[in-house]
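A.B. asks: Handing you a structure now.
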Amino acid sequence: MKIKPFLQKTYFRTFLLLTTVLICSMIPFVYFLSAEFSKYTMLEVRSNSQNEVNNLASKADMILGNLKAYGLSMYADQNIQNWFFNTSQDPLIDHAALVAQSNFMSTEPLIQRSYLMNVKHGLVVDSKAGIVRNDSFADQDMLERVKSFQSQYLRFFSHSLDGSNCLALVLPATPEKPSDFYLVLLIDKPLLNKLIFGETVTSEQDIRILDENGFVLLGTSNSAALNEQLFQAKQDHQDNSFQVRLPNQRWYVNTAKLTTEDWSVYYSTEYHILTRHIALFQQKLIAYTLLLLGIVSSLFFWSSHRSLRSITFLSEKLKKKVAFANPASDAKADIQWINDGIDLLLNNVEQLHASMRNQSELVRTEFLAQWVLHGSPGTRSYEYIRSRTKLTSCEVLFMAVLRIEAYKAFCERYDFPSRKLIKYAIRNISEEVICNGPYAAEGLDMGGDHLILIIGGHERGEFHLQRLLEETQHQVARILSIDTTVAVSNAYDFGANFRNVYDHIYELTMLRFLNGERQIFLESDYEEFMAGYPSATEALETNEIIKSIRCGRPETAVAMLHRQMKHIHELPYRDCKLYLTYFTYDLLKNFNKFSVLHEISSIHQLLERFSTLSEYQAWLESIVTMLASETIAPKSSSRKEEIVLEIKEYVDNHLQDTQLSIEQVADNFSFSVSYIRQLFKEINNVSLSEYILQERIERVKEKLVSSQLSVLEIADQCGFISKGHFFAVFKKFTNLTPKQFREIHGDVEARSSW
């Protein structure tokens, strides 16, 4: 079998690649796992060893402490004290001392032998030999040690007697100076070793207790070299664990000091004993890893071989079904064919998804705009709003309007696309802030200088909502450096006429002209403001003046202002100020977008600037003249094109509005009707009224093709007032009836009759 063709097979190359990746990933992982296990195990063993040596030290302290306490009790026994201080050598006292000594020794098996020494009289009570004189005492080394008085009060030391080694404890009567009376206890070392170490000591450990000079007191002592190394290493290391090396040996040592004696417990374990279980685990881990590699490699081989036919079939199918821009030769690998085909399909899916996302936003905007501009939602709009928007589960609704202050300067500062993006950002900020509270919000750009927020909630209280709107106003100013005025309605049900609410709340934002303060305006504020309005309108009729300004006739507007101001001169100061306030408010409200009025922050402050009514009248005349002039022409040709773009956007956003007219457009942009007509015709070569009809018909055609709505429902959604007018206009533009157009161009047949 030739190797080269076999290696060219896709499944075998895939198998080799996967196996190589598996091996390259498993080996470092197994090495890391083994190292971490070894490290963790050694830490655990060392920790356990340290705990063990600490327990041994505590146990030794307790046993030795008990022996000291027992010796003190024995020393303080009355019979033994009587014998110490007996001067007449009374046999009864001697006998009582012997009995007491015997009783004490019988209850403490660790005491191998004891002496009562009376140095003054030269007598010793030996627990084995009885009362003897010093010269015939068997343990002359102990006698000499006692006579020489070494300052070792309640300290154990190693002592040899008759070839056996034991621990000794001397209890003098006074620890700071020589005494004539001593109690000596000889402790059985083998029994003490067994009691302290118990079954802990095995052939794998070496446990011993060394004194401050490095001599073995307890434990194993079969290696003098190890003993020296332990003591020397302890002197060189301050911590409680270290290693000691001997020829062919390596010991790991844990130590602990006794609190009652200047001794140390050494717990030593040969290193190979500590690591033999780790080595066994590593061997098993390697064996299991190799077994796993073999099993997984077999699965890889089987899976690659099995999936090859599917890959080949898929690549062939993609070649036939997908229209590749630049088809390659058959020499291209199957995987490459699949990659190219999937990339092309994914691009198509992304384009479809983007189109659907844009379409979803358009549908949302259309339904919300239809709701606001018609006053109440239709059946389909209501179903969409209740199921597809954030207002799904809300019980009551509020409407808020965010109006951009100094809109004329805003338009001069930013071009049309930038303004669209900024208003989109204002909408996002508003929705995010409102939705952080117990409310849901849907924003809508209505074109011009404002946006609206339809806010849904579960209660009618407005205090918390007012605070959220203040936060919205603050965040818009902080992030975008845009000053806005916000007004919010009372709570309404879904069945309320939101067209009237929208008009009312937008006008409510104009109350800022009164005092210039930034606040959230409520419907109650407007009611309070309008309480005195009728008397003001009787004094000054502003409608004709405003109409003359919009028509660009400053002389007529000034003349009418003269006639109106004659009524003011005869009024008291308070009424005069009130009437001027309402007149100025009407003026600012209707021409708030004009740059000449941007410097006016407060009507009250404005009135205080003038000392006489004549001065204020002169100022009004100059403002009226400038407003009339500004309605005639914008500043530049580029500004003209931007105004037309804004007009188109405004028309597109209000096509559902049956009240949409040229007068409404001119009023929104604060230009005269004649100028709006002339400007739109100049830029677009089509009249504005014709453009509105064209856009409405285009939207009707689009809905006829893409929806199942009835023709009358479509006509209503596109702003046509009557059935006859709709049919006449549609026939004029298409030479077809709506039904004929749907049958010819539509993918969906009409489901409703009209």
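A.B. asks: Might you let me know whether segment 442-450 holds any residue that is at pLDDT 85 or above, among the aliphatic types (A, V, I, L, M), closer than 25 Å to Phe367 by Cα and within 34 Å of the chain's Cα centre (by Cα)?
C.D. replies: Checked segment 442-450: at least one residue is at pLDDT 85 or above, among the aliphatic types (A, V, I, L, M), closer than 25 Å to Phe367 by Cα and within 34 Å of the chain's Cα centre (by Cα).
A.B. asks: I've got another one for you. Among the residues of segment 363-418, what is the count of those that are more than 20 Å from Lys648 (Cα to Cα), under 38 Å from the mean Cα position of the chain (by Cα) and of a type in the set (Val, Ile, Thr)?
C.D. replies: 5
A.B. asks: Something else now. State all residues of segment 474-503 that are among the hydroxyl-bearing types (Ser, Thr, Tyr) and farther than 21 Å from Glu523 by Cα; if no residue qualifies, say none.
C.D. replies: Ser481
A.B. asks: Still on this structure, I have one more. Only one of these conditions is not met by Glu615: (1) at pLDDT 80 or above; (2) crowded, with 16+ Cβ neighbours inside 10 Å. Which number is it?
C.D. replies: So Glu615 meets the others, but not (2).
A.B. asks: Given the criterion under 22 Å from Pro417 (Cβ atoms) and β-branched (Val, Ile, Thr), identify the matching residue among Ile714, Ile623, Ile697, Ile647.
C.D. replies: Ile647
A.B. asks: Leu56: in the same structural domain as Lys189 (by TED's automatic domain parsing), in contact (Cβ under 8 Å) with a residue 60 or more places away in the chain, of a type in the set (A, V, I, L, M) and in a helix (DSSP H, G or I), yes or no?
C.D. replies: Yes, satisfied.
A.B. asks: Still on this structure, I have one more. Quick one: is Asp61 within 30 Å of Lys257 (Cα to Cα), of a type outside the set (S, T, N, Q), at pLDDT below 90 and not assigned by TED's automatic domain parsing to the domain that holds Leu293?
C.D. replies: Yes: the conditions hold for Asp61.
A.B. asks: Pick from segment 530-547 the residues that are assigned to a helix (DSSP H, G or I) and among the small types (Gly, Ala, Ser): which of them is modelled with the highest pLDDT?
C.D. replies: Applying the filter and picking the extreme gives Ser535.
A.B. asks: Of the residues that sit in segment 276-297 and are out of contact with any helix residue (DSSP H, G or I) (no Cβ under 8 Å at 6 or more places or on another chain) and closer than 25 Å to Gln243 by Cβ, which one is modelled with the lowest pLDDT?
C.D. replies: Filtering first and then ranking leaves Arg276.
A.B. asks: Suppose the filter is surrounded by 17 or more Cβ atoms within 10 Å (Cβ to Cβ) and modelled with pLDDT under 80; does Arg550 pass it?
C.D. replies: Spelling it out, Arg550 is indeed surrounded by 17 or more Cβ atoms within 10 Å (Cβ to Cβ) and modelled with pLDDT under 80.
A.B. asks: Can you confirm whether Pro572 is loosely packed, with under 15 Cβ neighbours inside 10 Å, modelled with pLDDT under 80 and under 19 Å from Ser614 (Cα atoms)?
C.D. replies: When the stated conditions are applied, Pro572 passes them.
A.B. asks: On to the next question. Check segment 698-707 and report whether any residue there is in contact (Cβ under 8 Å) with a residue 24 or more places away in the chain, among the hydroxyl-bearing types (Ser, Thr, Tyr) and in a helix (DSSP H, G or I).
C.D. replies: yes
The values are calculated or read from the model by the stated rules, or taken from the named source; none is laboratory data. Every value quoted in this text rests on a predicted model; they were computed, and no experiment measured them. Because the Cβ atoms are built from the backbone with ideal geometry, glycine has one as well, and the counts that use them run over all protein chains shown.
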